[in-house]
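Laboratory data are not the source of any read-out in this text; all were calculated from the coordinates shown. This is a predicted model, so every value here is computed, not measured. Virtual Cβ from ideal backbone geometry, glycine too; neighbours counted across all protein chains shown.
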Amino acid sequence: MEPTTNREKLQFRLGFTLIEVLVVIAIIGTLLALILPAVQAVREAARRTQCRNNLKQWGLALHQYHESHATYPPGYLFAGPVPNTAALSLEPPSALGRFLFDGWLPPAALPPPQDPGWNWITMLLPQIGQTTLYRQIDLNWSVGAPVNADKVIRPLPLVTCPSDTDAGVFTVLRKDGSALADASTTSYVAVFGKFGLINTNPDDGDGTFQRNSRIRSQDIRDGLSQTISVGERAALFTKAPWAGVMTGGTVRTTPGAPVFTSTIEESPCMTLARIGSRTLNDRFSEPYDFFSAHSGQVFFLFADGSVHAMGSGINLEILHSLATRSGGEVVKTDY
């Protein structure tokens with residue numbers, strides 16, 4: 001029966017037809033498809049800005065440390081072998097601070113070759129407002145010692161890039177795959193130099209940091225604005241403790257990382273990386289390479305405190321020049 005009055009016609013037209021609903025859904029879907037990439041781009045831009053600011057804070061901390069100690073902090077601390085290996089002491093070494101100022105190497109508490117392992121990030125804790133945590137850490141014992149277990153798992157805001165999706169607490173594994181200790185990750189590592197065998201010769205880098213390094217600003221003869229100090233290495237690529245090197249532990253390619261190979265490296269790579277034969281964010285990168293969570297670029301802190309983003313297509317010779325502290329290269333580029 002057809003509606004005869006206007007009222008009946010109005011009542012008859014209430015609601016939507018299936019075609020109308022489908023058209024509305026299609027319009028909403030199209031709008032979302034247009035809007036979501038823009039929203040994601042804005043969020044990533046904010047994350048990049050935060051990552052850059054993190055590195056700037058580390059730059060300020062490095063300069064403050066240098067002003068106080070007339071040197072940059074070491075890549076990481078190594079106490080050296082005990083002179084009399086037949087009479088090893090189980091007591092923790094004392095006066096560790098004398099190394100930082102006088103070049104003195106304290107006796108090792110344990111025979112493994114990388115202890116105590118505390119790195120440049122740990123040394124800079126007072127400069128980034130983490131004095132309480134720094135005082136709680138027993139530097140006389142190693143990074144992996146049980147007495148420090150509750151400290152090295154603490155997350156620190158300035159050590160994590162907000163785009164690094166795999167950041168957090170993880171388990172450091174030995175070579176055989178067994179668990180060594182838990183630690184909280186970092187997205188930033190110090191520059192060892194160009195090439196160099198970090199695993200076997202961690203004292204022989206030509207960059208700003210190495211094992212037991214005491215590099216001064218005057219030692220960076222290439223110029224502070226021509227030398228990189230710290231760069232990104234995301235946990236989504238390789239997980240490593242922010243606190244330093246754990247003797248007996250390994251650095252591994254993170255499962256699911258956007259690379260073609262999976263590699264295991266020795267513990268010195270936990271806090272050091274170098275520019276080798278691969279460019280940035282290369283699909284064949286290994287744990288001693290720099291690798292960013294940002295698509296197409298990696299942020300680096302320069303020795304003068306500035307931060308620059310370098311594209312994955314940057315010339316490898318330029319990267320090699322920037323990675324050395326006194327190679328005599330002068331790089332003219334806007335990165």
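Side notes on the structure shown:
- C-alpha center-to-center spacing [the stretch 288-322, the stretch 182-252] in angstrom: 14
- For the stretch 147-154, Karplus couplings with θ = phi - 60° (6.51, -1.76, 1.60), whole Hz, Gly/Pro x: 5, 10, 4, 7, 8, 6, 8, 6
- In straight-distance terms, cross-link reach from Lys56 covers every one of the aspartates and glutamates whose alpha-carbon lies under 20 Å from its own, apart from those fewer than eight places away in the same chain; here that gives Glu44, Glu67, Asp164, Glu232, Asp304, Asp334.
- Using the Cβ-Cβ distance between Arg216 and Leu60 with R0 set to 22 Å, the FRET efficiency works out to roughly 0.80.
- With K and R counted +1 and D and E -1, the other residues having a Cβ less than 11 Å from that of Leu133 yield a net charge of +2.
- Local net charge near Val143, Cβ-Cβ under 11 Å (Lys/Arg +1, Asp/Glu -1): -1
- A straight chain from Asn315 to Arg283 at 0.36 nm per residue would run longer than the Cα-Cα distance by 9.9 nm.
- Dimensionless Rg/Rh of the stretch 158-276 - Kirkwood Rh, Rg from C-alpha atoms: 0.97
- Amide H contacts under 5 Å for Thr238: Thr254, restricted to partners 5 or more places along the chain or on a different chain, H placed in the peptide plane at 1.01 Å from N.
- Between Gln50 and Ile19, the FRET efficiency from the beta-carbon distance, with R0 = 41 Å, is close to 0.30.
- Computed E for Gln136/Glu67 - FRET, C-beta separation, R0 22 angstrom, nearest 0.05: 0.35
- Positive minus negative residues near Arg274 (Lys, Arg vs Asp, Glu; Cβ under 12 Å): -2
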